[in-house]
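Participant: Right, I'll just put the structure down here and ask away after.
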Amino acid sequence: MVFSSLEFLFFFLPLFLLIYYAVPFKLKNAVLLIASLIFYAWGEPVHILLLILVSLSGYLSGRLTEHFKGRSTPKRLVLIISVMIDLCVLGFFKYSSLIADTFSALTGLTLDFNAPSLPIGISFYTFQTISYTADVYRGDIKAEKSFPTFLTYIAMFPQLIAGPIVRYSLIEKELHSRTIDKGSIKTGLIRFSNGLFKKVLIADSLGSLWAVIKAASPASLSALNAWLGITAFTLQLYFDFSAYADMAVGLGSLMGFHYNENFNYPLVSKSITEFWHRWHMSLSQWFRDYVYIPLGGSRKGTFRHIVNLLIVWALTGIWHGAGYNFLIWGLYYGIILILEKFVWKKALDKLPAVLRHIYSLFIIILGFGIFDLDSPDRFLPYFKALFLMAHNPLWDGSFFYNIINFKTVLIAALLLSAPVYPLIVENLEKVTSQRLKAALNLFSILLRLLLFVLTAAALVSNSYSPFLYFRF
């Protein structure tokens, strides 16, 4: 089940909220846990046991770590075993096929190996479990005493399958005591609806454009059409993933939780360093706190600093998927960030803001080309078309057809990828005339109803609308 599905919008969510709001607080976690397990089992009935076992491992590790407080050796051993269990589970389900294929390619031996299906959300809930165990080990939090409460933290459906990576410390108090009022419900509904519209009306439409261009032979693509294609994919991925984050934050607010933000208009960045402070922020912060800093960060000299950055970005790439394109993508960003930090930072800072923005978009869009074109046989010919190296024209009729056919969604995507919406909301809040404010509120309600009708119509005509990050 996905948030942008008819069964979720018109059956699961209304029924869940009706029960959730009706029961007393002491039963709300139980309702949330049962609903979350049903939500996960809807699409992954085979892997529900894995989710529970990984959660049980993290829970027991936290209790044992606290039990061995003051005894560094057994406490460290518990942490190592817990992290290894999580990494082995993640490695087996996500990377065993790639390892087997690589082994066969290097040795010429064919392995009789049936790759397991990838459990949805495994990259997110294993990382949450690792962060919890590490935080208990470091004494940043106390171990959760109730396993059902801990399982609720890991399994709660708003952020279970595509993040953000929510640390236990962020919602520890809210797991035991939280407030649900009209303000949180209104905020949640607005935030969820914003994400729903972004996903169905913008991201899915951009995905259709990218699918058309990607399906064409690179030799037949004009350079501008090729650039349009990977730009459309970049926008699609941003709107798809940030839409999920909006919907997760909105659902959390409806239930009295406050999740961390995962995106802050990354496509307005003027450097790649800034981009990664704005894109998938919970993942960047996770690697910073649990990999980069423990490796020594920037504290052990320039060489170690560079090595640490390369390690972190190689792991970031691999985390996204079991393919060498993801490793290349991660190292691509690692090298760019190293160059920004040690080579061309001063020169970059002196450039006009518009040129720094163009520079950032150029690198970001190329990077997502590597991200989605998953083999050299695909991305090398495509990149030749981008740079007029395939004897292809600069533009052609298909380029102009795509621009005209998708102009509305492209304009909307370009506008909404910048902080235009918050600026409008901020200015509307400054309106002092009560009559004008009432008229604007009515217009906002009618506009949201219209967008919801359009969204429902789009879902009826194309009921399958998966989020891209489900495969990561």
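The values are calculated or read from the model by the stated rules, or taken from the named source; none is laboratory data. A quick note: this is a predicted structure, and the numbers were derived from the prediction, not measured. As a convention, Cβ positions derive from the backbone with ideal geometry for all residues, glycine included, and neighbour counts pool all protein chains shown. Surface accessibility is based on the protein's heavy atoms, side chains included, excluding ligands, DNA and RNA. Shrake-Rupley method; radii C 1.70, N 1.55, O 1.52, S 1.80 Å.
Participant: Could you provide, to the nearest whole Å², the per residue accessible area of the stretch 47-142 with probe 1.4 Å?
Facilitator: For the stretch 47-142, the per-residue accessible area is 52 Å².
Participant: So which trypsin sites (Lys or Arg not before Pro) in the stretch 266-311 pass both tests, a DSSP loop state and at most 14 other Cβ atoms within 10 Å of the Cβ?
Facilitator: Hits after loop and neighbour filter: Arg299, Lys300.
Participant: Run lengths n ≥ 4 of DSSP H only: what is the helix-derived mean residue ellipticity at 222 nm for the chain, with -39500 (n - 2.57) per run over all residues, to the nearest 500?
Facilitator: On the way: 22 runs with 331 residues, N = 472.
Result for the chain, helices only: -23000 deg cm²/dmol.
Participant: Explain nothing, just compute: Karplus ³J(HN,Hα) = 6.51 cos²θ - 1.76 cosθ + 1.60, θ = phi - 60°, for every residue of the stretch 94-107 in order, whole Hz, x for Gly and Pro.
Facilitator: 9, 10, 4, 5, 5, 5, 5, 5, 5, 4, 5, 5, 7, 9
Participant: Using the Kirkwood formula over every pair of different C-alpha atoms, what hydrodynamic radius in Å results for the chain?
Facilitator: On the way: mean 1/r = 0.0412 Å⁻¹.
After inverting the pairwise mean of 1/r, the radius is 24.3 Å.
Participant: Using alpha carbons only, what's the Rg to Rh ratio of the stretch 1-119 with Rh from Kirkwood?
Facilitator: Values: Rg = 20.2 Å, Rh = 17.9 Å.
With Rh from the inverse mean 1/r over Cα pairs, Rg/Rh is 1.13.
Participant: Pulled fully out, how much extra length does the chain show between Thr107 and Ser444, if you take 0.36 nm times their separation in residues and subtract their Cα-Cα distance? Intermediate values should be presented prior to the final figure.
Facilitator: On the way: separation 337, 0.36 × 337 = 121.32 nm, distance 6.28 nm.
Separation in residues times 0.36 nm, less the Cα-Cα distance, equals 115.0 nm.
Participant: How many lysine pairs in the stretch 1-155, separated by 8 or more positions in sequence or lying on different chains, have Cα atoms less than 26 Å apart?
Facilitator: So the count works out to 8.
Participant: To make sure I understand the rule: partners must be lysines, Cα under 27 Å from the Cα of Lys198, and not fewer than 8 residues away in the same chain. Which ones qualify?
Facilitator: Lys198 reaches Lys182, Lys186, Lys214, Lys270, Lys407, Lys430, Lys437.
Participant: What trypsin sites (Lys or Arg not before Pro) in the stretch 367-472 are in a loop by DSSP, with at most 12 other Cβ atoms within 10 Å of the Cβ? Write out the running numbers ahead of the final one.
Facilitator: Values: sites: Arg378, Lys384, Lys407, Lys430, Arg435, Lys437, Arg448, Arg471; in loops: Lys430.
Loop-located and lightly packed - Lys430.
Participant: Something else now. Just the number, please: carbon plus sulfur as a percent of the accessible area of the chain, 1.4 Å probe, no ligands or DNA/RNA counted.
Facilitator: 69
Participant: Could you check the spin-label model distance between Phe387 and Lys345? Points 7 Å from the Cα along Cα→Cβ, value in nm.
Facilitator: My value for the distance between the label points is 2.8 nm.
Participant: Something else now. Applying the Karplus parametrisation 6.51 cos²θ - 1.76 cosθ + 1.60 with θ = phi - 60° to the phi angles of the stretch 43-59, what ³J(HN,Hα) value in whole Hz is obtained for each residue in order, glycine and proline being reported as x?
Facilitator: x, 9, x, 5, 9, 5, 5, 4, 4, 5, 5, 4, 5, 5, 4, x, 4
Participant: Report, in whole Å, the centroid distance computed from the Cα atoms of the stretch 377-421 and the stretch 7-85.
Facilitator: If we compute the Cα centre of each part, the gap is 43 Å.
Participant: How far is it, in nm, from the label point at Trp395 to the one at Glu426 when both lie 7 Å from their Cα along the line to the Cβ?
Facilitator: 3.5
Participant: Taking the stretch 215-317 on its own, what percent of its Cα-Cα pair distances exceed 19 Å?
Facilitator: Within the stretch 215-317, distances greater than 19 Å cover 61 percent of Cα pairs.
Participant: Could you give me the ³J(HN,Hα) list for the stretch 288-303, computed from phi with Karplus coefficients 6.51, -1.76, 1.60 and θ = phi - 60°, whole Hz, x at Gly and Pro?
Facilitator: 4, 7, 10, 10, 4, 5, x, 6, x, x, 9, 8, 10, x, 5, 4
Participant: Looking at Gly297, Leu87, Pro45, which one has the Cα that reaches farthest to the positive end of the dipole of the chain (charges on Cβ: Lys, Arg +1; Asp, Glu -1)?
Facilitator: Toward the positive end, the furthest listed residue is Gly297.
Participant: Among all the aspartates and glutamates, which ones have a C-alpha under 19 Å from Lys199's C-alpha, if same-chain residues fewer than 8 places away are not counted?
Facilitator: Cross-link targets: Glu7, Asp240, Asp246, Glu261, Asp372.
Participant: Grab the Cα-Cα distance for Ile328 and Leu6, subtract it from 0.36 nm times how many residues apart they are, and report the gain in nm with one decimal.
Facilitator: Values: separation 322, 0.36 × 322 = 115.92 nm, distance 3.75 nm.
Between Ile328 and Leu6, full extension yields 112.2 nm more.
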